[in-house]
Each structure stands twice: as C-alpha cells, then as structure tokens.
Amino acid sequence: RFASVMLFLAIWFTFSYLPIAHMVWWWGGPSAADAPAGYLFGLGALDFAGGTVVHINAGIAGLIAAIVVGPRVGFGKENMAPHNLTFTIIGACLLWVGWFGFNAGSNLEANGLTAQAMLNTITATAAAALAWSAGERLLRGHASALGAASGAVAGLVAITPAAGLAGTMGAIILGAVAGLVCLWAVISLKPMFKYDDSLDVFGVHGIGGIVGALGTAI
C-alpha cells in the first residue's frame, strides 16, 4: 500500500540514512576537538559521493524489506521479465546522465577533480555494461539490453564512492569488476537464497556498493 511505502521511507530516512550519513561524512573541522568526525569518517572510510551512505545502506534495506514482505505470487514459476524494455533503457540512460550531478557535483566546485569524477563516471559505467554483457554472453549464450542496462547501473553504483579518488584506469577496472560481481549476485546469489528482489536492488546497489567501497580503498 502507498501509505506503507511512505511510512517505510520516513522510518528508513530518519533511522538509517541520517545516522550513516553522519558517521561517514561528518567532519567538525580542525577546531572541533571533542567531536572531530563521524565514527566511520574517523576510521578512514572513503566515500566521495555516497557509495556507502546511499547504495550499501539502501541495498541492505531493500533486501530486508523484500524478505519481510515476501515473494510475489508466482515468483520462481512465472516469467517476470520487464514488460517494457524500451522504458527500461530510457530510464537507465536518464539515470546515467543524472548520476553526473551527484558524482561530479559532490566536489562542490568546478575544477580538475570535478572533471576527473565525471570522466570516471563515464568510463566505469561503460566498462561495467560491457563486462556484464560479456559475462551474460558466456553464461547464457547471448547478451541482452536488460543486462547491459543493469551492468551500467552496477558501474554507476561502484564508481560512486571512488569518483573523485580513483584514476581513469582504476575506474575502468572497478567498473568491470562490479559488472561481473553484480551479474553473479543477480543470476546466482538471488536464486540461491530465493528472495524476491524484483528490481535487483540488493544485487546491483547493495553488492555494487560493497564492491565500490572496497575497490575505492584498493
């Protein structure tokens, strides 16, 4: 129900997003001796544009919500492929363009670092889409437009924490790894545990965010 969705969003934003955002991003400045930083920031967490704060956080919440709500009627028995692949591709393209806003925009000014974040957002995403498509070709015998779109989103997610911290080649490698790992999460991990994640939020955002967070450090 719509009211349930609104209640879930309010609870998640207040009790999940805000604490994690504070722990990862808060820095009180050099004069704040008593509380100089958020907990994870103080431990050295690197998250340029929200890989941990947004994607891991939301991916785990989505997984838990899917488990609590339970599977759809006919899940695992009926074909539940997207009903309009054209809309899926349009949405993925809009998402890719919009992603520049918070990856490059997270630098808060227009300079060389902003340009690097934008370039990384292009290259990592392209590498992930190609890696997912290649993996799908090997595992299923053919690549698909849906797979390429899913791979692109996986690359966007993975490069988010590293957008302003990685070099161009590092971004390409990170995107390719994320594309393959997220492909595995969607086609192998989900059937293994039988949770009904209809849009693969955990498989793409959760797993992709974890790959991106660890890859940022590497």
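The values are calculated or read from the model by the stated rules, or taken from the named source; none is laboratory data. As the structure is a computational prediction, the values presented were derived from the model and not from experiment. Every residue, glycine among them, receives a Cβ derived from its backbone with ideal geometry; neighbour counts consider all protein chains shown. These area figures cover heavy atoms from the full protein model, side chains too; ligands, DNA and RNA do not enter into them. Shrake-Rupley method; radii C 1.70, N 1.55, O 1.52, S 1.80 Å.
Some notes on this structure:
- Within the range 90-123, tally of residues that are exposed (fewer than 12 other Cβ atoms within 10 Å of the Cβ) and closer than 9 Å to ALA163 by Cβ: 0
- Residue-level check: of (1) outside any helix (DSSP H, G or I); (2) modelled with pLDDT under 95; (3) under 26 Å from TRP12 (Cα atoms), HIS83 misses just (3).
- Test: residue in the range 8-25 that is hydroxyl-bearing (Ser, Thr, Tyr), more than 16 Å from the chain's Cα centre (by Cα), farther than 30 Å from LEU119 by Cα and at pLDDT 95 or above: yes
- Scanning the range 151-175 for residues that are open to solvent by 30 Å² or more (accessible area, probe 1.4 Å) and in a helix (DSSP H, G or I) yields THR168, MET169, GLY170, ILE172, ILE173.
- Within the range 196-206, being open to solvent by less than 20 Å² (accessible area, probe 1.4 Å) and over 13 Å from ASN57 (Cβ atoms) holds for ASP196, ASP197, GLY203, VAL204.
- Taking each residue of the range 104-125 that is within 26 Å of ALA149 (Cβ to Cβ) and at pLDDT 95 or above and looking for partners that are aromatic (Phe, Trp, Tyr) and surrounded by fewer than 18 Cβ atoms within 10 Å (Cβ to Cβ) with beta-carbon atoms closer than 7 Å, six or more apart or interchain, yields MET118/PHE100; THR121/PHE100.
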